[in-house]
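Undergrad: This is the structure, below, for whatever I ask next.
The values are calculated or read from the model by the stated rules, or taken from the named source; none is laboratory data. Since this is a predicted model, take the numbers as computed values, not measurements. Neighbour counts are summed over all protein chains in view; Cβ atoms, including those assigned to glycine, are modelled from backbone coordinates with ideal geometry. Accessible surface areas use protein heavy atoms only, side chains included; no ligands, DNA or RNA. Shrake-Rupley method; radii C 1.70, N 1.55, O 1.52, S 1.80 Å.
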Amino acid sequence: MSLDKLGAEHVRATVVALERRIDARFPERGLHQVALELVTMVDRVAGVAVVNRRRIDTARTVSRALMALVVLATAIAIGIAARDVFRDGGPDSGVGWVPLIESAINDLVFAALAVFFLWSFPERVQRGQVLKLLHQLRSLAHIIDMHQLTKDPERLRPGFVRTPVSPEPHLDRDQLEHYLNYCSELLSLVGKAAALCAEESRDNVVLDTVSTIESLTTGMSRKIWQKISVLPKA
């Protein structure tokens, strides 16, 4: 097991194990379907990572070759302009150097812009597809949060007074604790699935989005543990 990289196969194995635990206790509940969807999402992330790795390697090779051509063409253009100036005996005064200097500056500016674009091009190749996956993971985190939203430990208190519109608890104390624990674990694994998207990317937009999802799932998980902490004593 590598300790310098998050492995998709290990994340998937953990999600599958959690899905089986949820299926064993709550086979008829929607939370089990959410766990199955998370397994599918991890597979998609892993598949996209493999494809993107090949595409990025190809794009990086092409972009580096084009960068070398741009630098070479710029050097040749400046060299030709300088040769023409000196071949005619050079400028008669300092003002005569202005056209050469302006031409050299323009060439260097355009070359710098081209090099910057080509340098960042490989990372932009994968951005669209990865951001789509991250958006789906963020939506899945909100779905998990919706599943735990009505699971209020207060309804298990002996003195709790129900209203006509109060949701039916359907879960005893131990079942509710397991249910909330599963929600917290699912949220943590959503964050790990998002982190897989950053393993092959150095794109700032992707990294910021991954960080946002990790913060989101951590905050949601914290709310769940607050509910677990106020469960009636077993």
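Here's the yes/no breakdown for (1) within 20 Å of residue 130 (Cα to Cα); (2) hydrophobic (A, V, I, L, M, F, W, C):
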residue: 5; (1), (2): yes, no
residue: 20; (1), (2): no, no
residue: 25; (1), (2): no, no
residue: 38; (1), (2): yes, yes
residue: 41; (1), (2): yes, yes
residue: 45; (1), (2): yes, yes
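Undergrad: If residue 171 satisfies every condition in (1) part of a helix (DSSP H, G or I); (2) at pLDDT below 90 but one, which is the exception?
TA: (1)
Undergrad: Next question. Can you find a residue that is modelled with pLDDT under 70 and either open to solvent by less than 40 Å² (accessible area, probe 1.4 Å) or under 22 Å from residue 69 (Cα atoms) (or both) anywhere in segment 101-115?
TA: no
Okay, residues lined up against (1) open to solvent by less than 30 Å² (accessible area, probe 1.4 Å); (2) modelled with pLDDT under 80; (3) closer than 30 Å to residue 229 by Cα:
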site	(1), (2), (3)
47	no, no, no
63	yes, yes, no
125	no, yes, no
142	no, no, yes
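Undergrad: Something else: Just a yes or no: is a residue in segment 190-203 out of contact with any Lys or Arg (no Cβ under 6 Å at 6 or more places or on another chain), modelled with pLDDT of 85 or more and of a type outside the set (A, V, I, L, M, F, W, C)?
TA: Yes; the residues of segment 190-203 include at least one that is out of contact with any Lys or Arg (no Cβ under 6 Å at 6 or more places or on another chain), modelled with pLDDT of 85 or more and of a type outside the set (A, V, I, L, M, F, W, C).
Undergrad: In the set 58, 74, 40, which member is open to solvent by 30 Å² or more (accessible area, probe 1.4 Å), in a helix (DSSP H, G or I) and either basic (Lys, Arg) or modelled with pLDDT of 75 or more (or both)?
TA: One residue alone meets the criteria, 40.
Undergrad: Is there any pair with a first residue in segment 65-79 that is more than 11 Å from residue 115 (Cα to Cα) and a second that is of a type in the set (Phe, Trp, Tyr) and open to solvent by less than 60 Å² (accessible area, probe 1.4 Å) whose Cβ atoms are under 6 Å apart and which are 6 or more apart or on different chains, and what are they?
TA: No pair meets every condition.
Undergrad: Among all residue pairs at least 6 apart or on different chains, which show Cβ distances below 9 Å where the first residue, located in segment 19-32, is assigned to a helix (DSSP H, G or I) and the second is small (Gly, Ala, Ser) and open to solvent by less than 100 Å² (accessible area, probe 1.4 Å)?
TA: Within 9 Å, the pairs are 19/35; 20/35; 21/35; 22/35; 23/35.
Undergrad: With the condition kept exactly as written, say whether any residue in segment 196-218 is acidic (Asp, Glu) and open to solvent by less than 20 Å² (accessible area, probe 1.4 Å).
TA: Looking for residues that are acidic (Asp, Glu) and open to solvent by less than 20 Å² (accessible area, probe 1.4 Å), one finds at least one in segment 196-218, hence yes.
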